[in-house]
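Following: one structure in structure tokens, then a few remarks.
The values are calculated or read from the model by the stated rules, or taken from the named source; none is laboratory data. Predicted, not measured: the structure shown is a model, and the values here were computed from it. A quick note on method: Cβ atoms are made from the backbone with ideal geometry, for glycine too, and the neighbour counts reach across all protein chains shown.
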Amino acid sequence: MAWTHVPRRPVRLLPRRRRDGSVGTQRGRRVIRVLVAEGHPASREDLRAVLALDREVQVVGETLDGRSTLELARKLHPDLLFVDGSVPGMGGLDAGALSSELPETGIVFLPPDPASHEAWLGAPAGRVAKDATSDELLHAIRTAVSATATRQRFGWIPEAWRRPIEILLESGTIAEDQVDAALAEYCREESLADTFISGGLTTQRELTESLERARVAPLLSLSPYPELGAAIAPTEARFSSAHLVDPVDPIAARRLPIELGRSLGVVIIATSGEEGVVAMADPLDEGALAEAERRTQLRLFRVAAPVEHVQDALLRAWTGPGTRPVLAIPDPSLRSAAVFGAISAGLFAALAFALRAALAPQYLFSVLALCCGLFFFLYALKYYVTSAAVILLSLFGNPLSTLARRVTEHGETGGGNVAPDESNGADTARGAHKEGYRTLRGEPLDAIGSVVVSDPWLRMGELRLPAEQQPFVSVHVALYNEARVVDRLLAACTSFDYKSYEVIVVDDSTDETTALLERWKSSQVRVIHRSSRKGFKGGALQEALRRMNPRTEYVLIFDADFVPPADAIWHFLDYFGRLGRPRDGNGQGVSNGDGHTVGGVPQNGDRLAAVQGYQWHMLNASENWITKGVRAEFAGSYVLERTGQELFGAMKMISGSVYMIRADVLRKLGWSTSITEDWELTIRLYLAGYKVLYTPYIQAPAECVSTVRRLVKQRMRWAEGHTYNVKKYFFQVISSPNLSFKEKLEFCF
């Protein structure tokens, strides 16, 4: 059943799209003719009101189901079809068929839930959130119409390349005049990808991402990863594993000669009978696919992979995994729930037998007090041992490793010159060198947290990737009545010394914060207002996660009372290993010593999920006695306790702010609605086999709680949330093979 809108002006004033892709005019104005498919009357009325805000958008028809939508679209030939995902009888396949039949009609889809979104993934349709603002909705309409015109304009291009070019245009990576210039230089003998890359219009990585988004071929990582059935190594050993799974079958990879695979940019990753799967750096290179099929006599199905992954996979298949050091992982069976329970029961039984005389009723309260005192004594002892370890390490470092480094690094260079730091070698050998921490890649850090390396390519501060190679970072901020600090926060968040990032602010405020946020809205800063505080901070961050740019590789979280430094993103990315990709003379990436090329997308074998920085509560530390006490407490926690947890390989907690987490991991786990969402996320990360790293060298100033009332409310919330999650996940943590004994012990404390 269909309802056709009767415009105030005669329909003849709304001409159809011409063959050249331009849009007709109405009395000299540009008009976009829209057909709406919406099954709910109230939503249809709201949508009609939004579309009426733009005089250049006119609704020519409305439908209630898929069948009538297809019929009316074929009859009216609208410029745009606006489809709600809840419309019965209408799906991605129907939209694809309609797009092929009516190439002049653009499509915009409103997914009501993730399931509907998945059903429309293969459809040639733009997408806009169900609760998008009117400006976002109208922008989606114009973008879809523009993309349709572009599709017609580039109709002569091979069909497989049309959608990737549209994606590059929509993302702003390239401009239409640049595409025209590149196509004018296009030679049929070469790949269209080579034309775009050689012309400097895009990079191999951007092209691979656009191909994956266009559903030409799924994008895979070919790096080995730890066997998930075994226990995950502690954080400091995350790059080494006793059991690595290689996703590339070496026998299949050897079906192609290594030199041919390198020249074509392909590797066979699996075979079955007369079929196989080939990973290609350029999945649209039909010549490379045909040559691979000819040489292997297989019917190959293509997937996309970064070019460095293809090269590394070929090297592993033909030369073996190499001789990189492997750290043994303890048998996970020793950490099973049954064994842990038996040991605990035995200890309690032995203690009860030894103290059987003291368990008499008259001594019950005395024994209880003794046990509580013993518990707090052990906690204090842990704190003292941690403090001693941190102080000793900061004073003396590791004398053995320092001396070994002196023997290998110092002396004469090849040119006969004295090596750097030769003059103070005696002091270094005696242990006066402040070795301090090491990164997870084994790189030593100096007293101010800079990486100590001899290669100038790797010096922190010099390693700044160009914009086209920067991983996209989404900065998430949840606000609730923060009018006093919101301008300070956003001024810092929009001043990062980094190009490829966005800021998403989720605002639950009921005061003037909402008005202050309006002037911060821009292409880089997105402000989302929620009408309720459902889920509290976790619910707000979940909304930011849902709305963030699909290109996001890392998410950076800050609370409202923090002032992040301008270089924070660079330092976080360095701990994730994303800045070490210098090129040697042959253009190959420099190895980090474990058989993997440094940099690139997060590897399957990399279990590091989040990096927690130092919350430097100092902005109002001298305000009163409360802020001074809180400042001292946080200093002890972040400088001593958390540093000790990192040194000993214990469980590290995400602390709600000043941390970066991998977007792929966060998409998988999502946020909870716990009042201590950071603690619950930490537990779920460890249960899933991921690890958290703490570093005191990434610091963000913040304010301390300044009143007794706020301090009490804060600590009560922390106590309630922590206790609830400990009870909720206790047996899962104790029985999980993905946590070491030290991590489980830290969880219990």
Original post:
If you take the residues in the range 563-586 that are among the hydrophobic types (A, V, I, L, M, F, W, C) and at pLDDT 85 or above, which one is nearest to Cys704 (Cα to Cα)?
Top reply: Val563
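Mind telling me which of the residues Val630, Val590, Val611, Val555 ends up being modelled with pLDDT under 85 and not acidic (Asp, Glu)?
On the way: Val630 fails: modelled with pLDDT under 85; Val611 fails: modelled with pLDDT under 85; Val555 fails: modelled with pLDDT under 85.
Exactly one residue qualifies, and that residue is Val590.
On the given criteria, is Glu743 touching a residue at least 12 places away in the same chain (Cβ under 8 Å), out of contact with any Pro (no Cβ under 9 Å at 6 or more places or on another chain), of a type outside the set (A, V, I, L, M) and in the same structural domain as Cys493 (by TED's automatic domain parsing)? Steps first, please.
Details: touching a residue at least 12 places away in the same chain (Cβ under 8 Å): yes; out of contact with any Pro (no Cβ under 9 Å at 6 or more places or on another chain): no; of a type outside the set (A, V, I, L, M): yes; in the same structural domain as Cys493 (by TED's automatic domain parsing): yes.
It is false that Glu743 is touching a residue at least 12 places away in the same chain (Cβ under 8 Å), out of contact with any Pro (no Cβ under 9 Å at 6 or more places or on another chain), of a type outside the set (A, V, I, L, M) and in the same structural domain as Cys493 (by TED's automatic domain parsing).
Tell me, which helices (runs of 4 or more DSSP H) wholly within the range 41-138 include 2 or more residues that are under 30 Å from His529 (Cα atoms), hydrophobic (A, V, I, L, M, F, W, C) and modelled with pLDDT under 65? Talk me through it step by step, then tell me what you get.
Details: elements: 41-51, 66-76, 92-101, 114-119.
Of the helices (runs of 4 or more DSSP H) lying wholly inside the range 41-138, those with at least 2 residues that are under 30 Å from His529 (Cα atoms), hydrophobic (A, V, I, L, M, F, W, C) and modelled with pLDDT under 65 span 114-119.
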Original post:
Which one of the conditions (1) of a type in the set (Lys, Arg); (2) loosely packed, with under 13 Cβ neighbours inside 10 Å; (3) more than 17 Å from Glu482 (Cα to Cα) does Arg547 fail to meet, given that it meets all the rest?
Top reply: (2)
Subject >> Enumerated helices (runs of 4 or more DSSP H) restricted to the range 660-749, each holding at least 1 residues that are in contact with a Ser or Thr (Cβ under 7 Å, 6 or more places away or on another chain) and closer than 13 Å to Ala610 by Cβ >> reply: 663-669, 677-687
**OP:** Go through the residues of the range 356-374 one by one and say whether even a single one is over 41 Å from the mean Cα position of the chain (by Cα) and not in a helix (DSSP H, G or I).
**Re:** yes
Original post:
So which pairs qualify, if the first residue must be in the range 292-311 and without any contact (Cβ under 8 Å) to a residue 40 or more places away in the chain, the second must be acidic (Asp, Glu), the Cβ gap must be under 8 Å, and the two must be at least 6 apart or on different chains?
Top reply: Gln297/Glu274; Arg299/Glu274; Arg299/Glu275; Arg299/Glu293; Leu300/Glu275; Leu300/Glu293; Phe301/Glu275
